[in-house]
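To keep things clear, I will list the structure first and then write my remarks on it.
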Amino acid sequence: MLKLALLTLGFVALSVLFLCIKMLLKPGSRFGSTHIGGSKAMRERGIHCVQSMDAMERREKRHASEKRRNN
């Protein structure tokens, strides 16, 4: 059981090391954006992250309610 736990811990540590290798070797580097809006292909399709879509809809509704108040 202990061997399995150590083997699993070794695989996890190795995976994290491989994920971070770019950051460790290149100073000033960082992970890319993991948000949907950070993907060029998704932006071309007009797909945005939920937070951006919610903010856009709230902006549109706010402007619509301001127009109704002014009329």
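Every number here is computed from the coordinates shown, using simple stated rules; none is lab data. Please read all numbers here as calculations on a predicted model, not as lab measurements. Ideal geometry is used to build each Cβ from the backbone, glycine not excepted, and the neighbour counts take in all protein chains shown.
For the chain, the spread of Cα positions along the three principal axes, ordered from largest to smallest, is 74, 34, 22 Å.
Rounded to the nearest whole Hz, the Karplus-based 3J(HN,Hα) values (6.51 cos²θ - 1.76 cosθ + 1.60, θ = phi - 60°) of segment 10-27 follow the sequence x, 5, 5, 4, 5, 5, 5, 4, 5, 5, 9, 4, 5, 5, 6, 8, 10, x, with x at glycine and proline. Rounded to whole numbers, the Karplus 3J(HN,Hα) couplings from phi for segment 38-50 are x, 8, 4, 4, 5, 4, 5, 7, x, 9, 10, 6, 4 Hz, using 6.51 cos²θ - 1.76 cosθ + 1.60 with θ = phi - 60°, and x at Gly and Pro. Ordering ALA13, GLY28, GLY46 by Cα displacement along the dipole of the chain toward the positive end leaves GLY46 in first place; charges were set at the Cβ atoms of Lys, Arg (+1) and Asp, Glu (-1).
In terms of other Cβ atoms within 10 Å, HIS48, HIS35 run from fewest to most in the order HIS35, HIS48.
Could you give the size of the charge dipole of the chain about its Cα centre, using +1 on the Cβ of each K and R and -1 on the Cβ of each D and E, expressed in debye and rounded to the nearest 20? All intermediate terms of the calculation are to be shown ahead of the outcome.
Details: 14 positive and 5 negative charges, 56 e Å.
The dipole of the chain has a size of about 260 debye.
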